[in-house]
Structures are given as C-alpha cells and as structure tokens.
Amino acid sequence: MRTYSFITEFKDNTYLGCYPGENHYQAFRMWMDDFISQPYVSNMQRKKIVEDSQDKDLDPSLLTNVECIWCWWINPWRKSLLVNFLETLNWDNEDSAYTYTFVVLFEGGTYITQHKGVSFDDSCRLWIEDFIGTPYLNDAQKKDLLSGFVRYDRSLIEENCNFKILRLPICDKQLNLYIAKTKIGNTAKCCGNSQ
C-alpha cells in the first residue's frame, strides 16, 4: 500500500492528511470522505464537493514540471478548495528512488519544486535559490527570507503527515514550507498503473 500526503487549503486555513491507497485516485477518495465529514464543511459545500468529485472532467490533475504531484481545485459556494497531494515516503526510507519536494504557501500562492540526487541540506539551498528567483517575493521579502533561513533554528521543524514543516516569518507575513521525501518514477508507476 502506498502513502499519499495531502495539503488542503480551504477557508483561509491549511489542513494536512495522509491516506493509504493502491493509487492516487483511491487515496483521493479516502481524503474526500474524511474532508467532507469535518465540521468546517457546510452541508451545501459538502454536496457540491461530492458532485464535483464525481465529474470526470474535474478529476485531480497531474502537475507539469514536477513528478507525481496532483492538484484538485473547485469553488464550492464561493469558497476556494485547493488540494495538492503526492506519494510520500517515510524520512528513513532509502529503498525507493526519491526526490525532495518543497511546497510553499505564501500570500495566497502555492509554489512547488523538486530536487533529486542531492542531500537534504543541498536540496534546501537549491530551494532557497529557486524561490528567491521567483516573482512571488519583493526585494525586502527576499532579503528577509535569506537571513531568516540562515538563522532559523532547525529544532523548530515540525513533522506531520510525512512533511517536515518550517514556518518562517517574512516581513510580517508567514511563509509555510512543507518538505516531503517523494517517491519518483515514470507517470504510469506514480499513478499506480502497471506497465
């Protein structure tokens, strides 16, 4: 059985979850059953989420430029629901091919990158270089992120649902960084299909 980790953004909150599945779609169904049972989902939203999840045109999409990460977005009753999920490995797993996946949530945006074939520390350095070069940050935020990341106490890293989580203050805003050890392979393998 595989493990899929989910980052769900809904009503200005972020929810994490891990679900087993033979493939990404089975895990997505388990996530949905759990998500719609939560008290922060109204009956009208629940109905719309279930209806949209059964529409084949709204199946989770495999993201481009990264490996084995899916996205699902709908707008039930004018409340955006964004789900990014990926097949994750336990941090001590060395038996499978993997990459480090970085998911950043900052000022309403989501930015995802991956680095394979490097150590965890090197991957973090590459992530900083990548993220600093994006239009997500202004010059003051870039400077603050660089200095904050260098002095950040690594003992404050949280772990939840196979994610290492860093919460970094950037110019009076909070940047949430979720890092996962992600299984990689060709698309057929990631989707749980046999070759």
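Which ones in the stretch 137-189 are without any contact (Cβ under 8 Å) to a residue 40 or more places away in the chain, touching a Cys at 6+ places or on another chain (Cβ under 6 Å) and of a type outside the set (Gly, Ala, Ser)? Listed by number, the residues that qualify are GLN141, ASP144.
Scanning for something hydrophobic (A, V, I, L, M, F, W, C) and in a helix (DSSP H, G or I), does the stretch 52-59 turn up at least one residue? Looking for residues that are hydrophobic (A, V, I, L, M, F, W, C) and in a helix (DSSP H, G or I), one finds at least one in the stretch 52-59, hence yes. On inspection, SER5 qualifies as among the polar types (S, T, N, Q), within 26 Å of SER123 (Cβ to Cβ) and part of a strand (DSSP E or B).
A quick yes/no check of all residues on (1) within 24 Å of ASP130 (Cβ to Cβ); (2) touching a Phe, Trp or Tyr at 6+ places or on another chain (Cβ under 6 Å); (3) outside the structural domain of LEU175 (by TED's automatic domain parsing):
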| site | (1), (2), (3) |
| --- | --- |
| MET32 | no, no, yes |
| SER42 | no, no, yes |
| TRP73 | yes, no, yes |
| LEU82 | yes, yes, yes |
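Sort out for me the strands (runs of 3 or more DSSP E) sitting completely within the stretch 73-175 that have 2 or more residues that are under 29 Å from GLN54 (Cα atoms).
Where strands (runs of 3 or more DSSP E) fall fully within the stretch 73-175 and carry at least 2 residues being under 29 Å from GLN54 (Cα atoms), they are 81-87, 98-106, 109-115.
The residues of the stretch 50-84 that are closer than 16 Å to GLN114 by Cα, surrounded by 16 or more Cβ atoms within 10 Å (Cβ to Cβ), in contact with a Cys (Cβ under 8 Å, 6 or more places away or on another chain) and not charged (D, E, K, R), listed by number, are CYS68, ASN84. Going by the structure shown, is HIS24 buried (at least 17 other Cβ atoms within 10 Å of the Cβ) and in the same structural domain as GLN141 (by TED's automatic domain parsing)? No. Inspect the stretch 82-91 for any residue being within 20 Å of the chain's Cα centre (by Cα), more than 21 Å from THR3 (Cα to Cα) and not hydrophobic (A, V, I, L, M, F, W, C) and give the result as yes or no. So far as the stretch 82-91 goes, no, none of its residues is within 20 Å of the chain's Cα centre (by Cα), more than 21 Å from THR3 (Cα to Cα) and not hydrophobic (A, V, I, L, M, F, W, C). Remark: PHE106 matches the filter, which requires a residue to be of a type in the set (Phe, Trp, Tyr) and at pLDDT below 95.
The values are calculated or read from the model by the stated rules, or taken from the named source; none is laboratory data. As the structure is a prediction and not an experimental result, all values here were calculated from the model. Here Cβ is always computed from backbone atoms with ideal geometry, including for glycine, and neighbour counts include all displayed protein chains.
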